[in-house]
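Report on one structure; see the data block that follows.
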Amino acid sequence: ITAAIPTWDTDATAVTITMGDQEGAEGTGFFKPENTDLKVGVPATITFTNEGTVMHVYEIEDLLKASASWKVTASDGFTTGAQIRPADVEAGISTSLYLIPMTAGTYTLTDSAPGMETTTATITVTE
């Protein structure tokens, strides 16, 4: 991680995943895109943007276990530093996760906000 930090902004793969709730369908959320591709060993900045009207909570525990993580920051100024954990993303807020995937695989992204637990997407990490 330390070696990647000086060039992160120019070398990292930047991905935006929009999360939200379906209009008129209480308890139904979405992630767009539904499939995201990353590469082993390539720094990535995954930005979760909540375009919904309620809080959403992204969970990608298996990917986090298979990655070297740097930090999480949010558009409202919140930062966890090196403490990586599921993040509450309030309506209208964006949160960015900085990591380097270390293990190839298919990882499930879920929304653990109350009533949104069936919302999923896939992040695939390849060699």
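The values are calculated or read from the model by the stated rules, or taken from the named source; none is laboratory data. Small disclaimer: the values here were computed from a predicted structure and weren't measured. Heads up, the Cβs are rebuilt from the backbone with ideal geometry, glycines too, and the neighbour counts pull from every protein chain shown. Accessible surface areas use protein heavy atoms only, side chains included; no ligands, DNA or RNA. Shrake-Rupley method; radii C 1.70, N 1.55, O 1.52, S 1.80 Å.
Taking the DSSP bridge list for the chain and keeping only pairs wholly inside it, about 70 percent are antiparallel. Of all the accessible heavy-atom surface of the chain, with the other protein chains kept in place and a 1.4 Å probe, what percent is carbon and sulfur? Of all accessible area on the chain, carbon and sulfur atoms account for 49 percent.
In summary, the aspartates and glutamates within cross-link reach of K39, defined as a Cα separation below 16 angstrom excluding same-chain residues under 8 places away, comprise D11, D62, E127. The sum of -39500 (n - 2.57) across all DSSP H runs of n ≥ 4, divided by the residue count of the chain, sets its helix-only mean residue ellipticity at 222 nm to -1000 deg cm²/dmol.
Ordered by solvent-accessible area of protein heavy atoms (1.4 Å probe), largest first, the residues E127, E59 come out as E127, E59.
For the stretch 28-45, 3J(HN,Hα) computed residue by residue from phi via the Karplus equation (6.51, -1.76, 1.60; θ = phi - 60°) reads 10, x, 8, 10, 9, x, 7, 9, 10, 10, 10, 10, 4, x, 9, x, 9, 10 Hz, glycine and proline entered as x. Stokes-Einstein, applied to the Kirkwood radius of the chain over Cα pairs at a viscosity of 1.002 mPa s and 20 °C, places its translational diffusion at 147 µm² s⁻¹. Residues in the chain average 52 Å² of solvent-accessible surface per residue, probe 1.4 Å, ligands and nucleic acids excluded. Positive-end ranking of A3, G92, L109 along the dipole of the chain, with charges on Cβ about the Cα centre, is headed by A3. Neighbours of D111 by Cβ distance under 9 Å: Lys/Arg scored +1, Asp/Glu scored -1, total -2.
In this view, the solvent-accessible surface of S112, computed with a 1.4 Å probe and all protein chains in place, comes to about 50 Å².
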